[in-house]
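Quick notes on the structure that follows.
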Amino acid sequence: MAESPRLDWLRRLHDQRRLWAALAVVGALAIAVGSLTPGSQMPSNLPWDKLNHFVGYAGLAGLVGLAGVRLPRAFLIAVLYGIAVEYAQIPVPGRSGGDWADILANTLGAAFAVVLLAGLRRGLAQR
């Protein structure tokens, strides 16, 4: 049975590992820059802080997973990176580094992404 063009396009996009790896590096750098910028230089109108953490680390874990890293390892990489960045914030003026709630939001975002990606892969494999 022939696949639909939309599904074929999605499968080809999923298989672009070098693209996803490059985007994962860019994402990690963006997280580091945003997280290590002094509080006085941050925009005051950002949405809810925990949502930023959730989305940022969901994106990072998803990109690492799409880059070809096994999903449990992609999750672990994102979580450990989040913990490292949180503790690197401690000496940054105006930032509250080491915040357990931020680490939890990072972890939940990373978990959401790998579960979503696992479901996508399962759906693609069944077709």
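None of the figures in this text is laboratory data; all of them are computed from the coordinates on show. Here the structure is a predicted model, which is why all the values come from computation and not from measurement. Cβ coordinates were reconstructed from backbone atoms using ideal geometry, including for glycine residues, and neighbour counts include every protein chain displayed.
Couple of notes before you dig in:
- Karplus-based coupling profile of segment 72-87, in residue order and whole Hz: x, 6, 4, 4, 4, 4, 5, 5, 5, 4, x, 5, 4, 5, 4, 6, with θ = phi - 60° in 6.51 cos²θ - 1.76 cosθ + 1.60 and x standing for Gly or Pro.
- Within segment 45-113, the trypsin sites (Lys or Arg not before Pro) that combine a DSSP coil assignment with at most 14 other C-beta atoms in a 10 angstrom radius are Arg70.
- With respect to the chain, whose longest principal axis is taken over its alpha-carbon atoms, helix 49-66 is tilted by about 40°.
- Once the Cβ-Cβ distance of Ala118 and Ser44 is raised to the sixth power relative to R0 = 30 Å, the FRET efficiency obtained is 0.20.
- Taking the helices alone, the chain has a mean residue ellipticity at 222 nm of -24500 deg cm²/dmol, built from -39,500 (n - 2.57) per DSSP H run of at least 4 residues and averaged over all its residues.
- In segment 49-127, a dipole from Cβ-located charges (positive for Lys and Arg, negative for Asp and Glu) runs towards its positive end, and of Ile77, Leu120, Ser96 it is Leu120 whose Cα lies farthest in that direction.
- Overall, the chain carries a charge dipole of about 580 debye about its Cα centre when +1 sits on the Cβ of Lys and Arg and -1 on the Cβ of Asp and Glu, all other atoms neutral.
- Shape of segment 20-61, Cα gyration tensor, a/c cut at 1.5: oblate
- Helix 5-14 axis versus longest C-alpha principal axis of the chain: approximately 50°, rounded to the nearest ten.
- Cα-based shape type of the chain, given that a ≥ b ≥ c are square roots of the gyration tensor eigenvalues and the cut on a/c is 1.5: prolate
- Order of Trp20, Trp9, Trp100 - criterion: other Cβ atoms within 10 Å of each residue's Cβ, fewest first: Trp100, Trp9, Trp20
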